[in-house]
Structure formats: structure tokens, C-alpha cells
Amino acid sequence: CAVANTLAAVKAGATHVQGCANGYGERSGNANLFTVVGNLQLKRGMQLVSDTQLAEMTRIAHAVSEVTNVTPSSQQPYVGVSAFAHKAGLHASAVKVDPDLYQHIDPAAVGNDMRMLVSSMAGRASVELKGRELGYDLSGEKAKQVVDRVKELENTGYTFEAADASFELLLREELTGVRQRHFEVESWRAIVERRPDGSMVSEATVKLHAKGERIIA
């Protein structure tokens, strides 16, 4: 409630606001200054910082997380990686027509970006938008072909929501019919050993074929 209370206080006439970056502090309930500034400037029309400074908000929020060694909250308003994430059929179809239908601001205003999540719930629009984001034209039957492939793989345990590189490899394979295989795994095994002094040691052995050679490591 810290952010809501802060906004209510400003509306009632308060001119001095205290808070913390990302809401970090020695106790719960600290107002998140990034959310407060975003709301006051973008929703209430109060010019607190320049537009250029506001566009640095996401970068600064993540830099603070890195310095404090706290994993950034993906759900954080304005600056979280999921703040402007879109998934599922009808939702993605609307975003394809006009992103403002499902976004309360332009993500670029706070230095963030729209993300399309691809999953078994994905429809053609989700895949087309994600493909465009990665630089691929998925018009016509290509999108349906990729959607069917994604659903087929997710039914066997794959997930592409946070795996853009894997999804791009799938796109290349579906669009070109060629899958580059730089190596083939013959087998692998992992062993965990508890030694007399109580220490635990893990060891893995991998056998693979690459550049015409059989490699054991």
C-alpha cells in the first residue's frame, strides 16, 4: 500500500515524498520510488524529471538490483521484465492491432520494452509478433506451422516462454527445413560421491561427436 498511500498524500497536498529504489529498505512497506515517479509523472502529469531521465528508469532499477545482489522482480510495475509481457491468442491479436489496447503506457517512456511470450497457449498473432521481433516474416501458413510445432514440443516438456534463442532456432528450422547440428551427443552420465571426510563431489562424463571426432570429456 506504500505507493498508493504516497499518491493519496500527494493528491492531498504533500510536497515531500520519501521512498526507496525498488522499495528496498530495512523494513517492509517502503514506497518504491520508481513506481511513485512513474505514476506521478505519467498518470498525474507532474514533471518530476526530464523525459530523457525517465527513460533511464528501467536501466537504473536493474543496476540497483545488481549492486545489491537482489534478483529483480519481474512483476515490478514499469521496470519489471514482465510489466509489458503479452501471451495467449486473443490478447496477442489485440496487441497486433494496437499495443495501446493492452498497455497503459508506451514501454519506451520508462526504458522498458514489450515482450511476446510464446507457449502452448500461443496463437498465430503471438508467433507472428515474436517472429517480427526476431526479424522473421511469419505471414500466411508459416505462422500456423510454427504454432503447431511449439504446441507439439511443449506437450513433450519443452518451454519457450523465456527461451528466445531456442525459439529462434525452431523458427529457422521450420522456415528453412534445415537444422544445423554442430555436434551429436552419444551419451552422458553424472555421479555424486560422498567422501570419507564428508565432502560431496559431483562428476559428469559426456561423449559426443564433433568435426568428425569422438570426444570424451
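Taken about its Cα centre, segment 96-216 carries a charge dipole of roughly 460 debye when the Cβ of each Lys and Arg holds +1 and the Cβ of each Asp and Glu holds -1. What a 1.4 Å probe finds exposed on the chain is 52% carbon and sulfur by accessible area, rounded to a whole percent. For the pair Glu141 and Val17, how long in nm is the line joining their label points, each one 7 Å along Cα→Cβ? Label at Glu141, label at Val17, 5.5 nm between them. Shown here for segment 132-186: trypsin sites (Lys or Arg not before Pro) in loop regions (DSSP other than H, G, I, E, B) with at most 15 other Cβ atoms within 10 Å, namely Arg179, Arg181.
Bridging of Lys144 to lysines at a Cα separation below 22 Å is possible for Lys87, Lys96, Lys130, once same-chain residues fewer than 8 apart are set aside. Each of [x] 133; [y] 210; [z] 169 is a candidate for volume of the Cα convex hull per residue in Å³; the one calculated from this structure is [y]. Note that segment 23-78 presents 62 Å² accessible area per residue, ligands and nucleic acids not counted, probe 1.4 Å. With contacts taken as Cα pairs under 8 Å and at least 6 residues apart, segment 107-217 reaches a relative contact order of 17 percent.
A straight Cα-to-Cα reach below 20 Å connects Lys43 with the lysines Lys11, residues fewer than 8 places away in its own chain not being considered. When the helices of the chain are scored as -39500 (n - 2.57) per DSSP H run of n ≥ 4 and the total is divided over every residue, the value at 222 nm lands at -11500 deg cm²/dmol.
The values are calculated or read from the model by the stated rules, or taken from the named source; none is laboratory data. These numbers were taken from a predicted model, which means no experiment stands behind them. Positions of Cβ are generated from backbone atoms using ideal geometry, with glycine treated the same way; all protein chains shown enter the neighbour counts. Note: areas computed on protein heavy atoms with side chains; ligands, DNA, RNA excluded. Shrake-Rupley method; radii C 1.70, N 1.55, O 1.52, S 1.80 Å.
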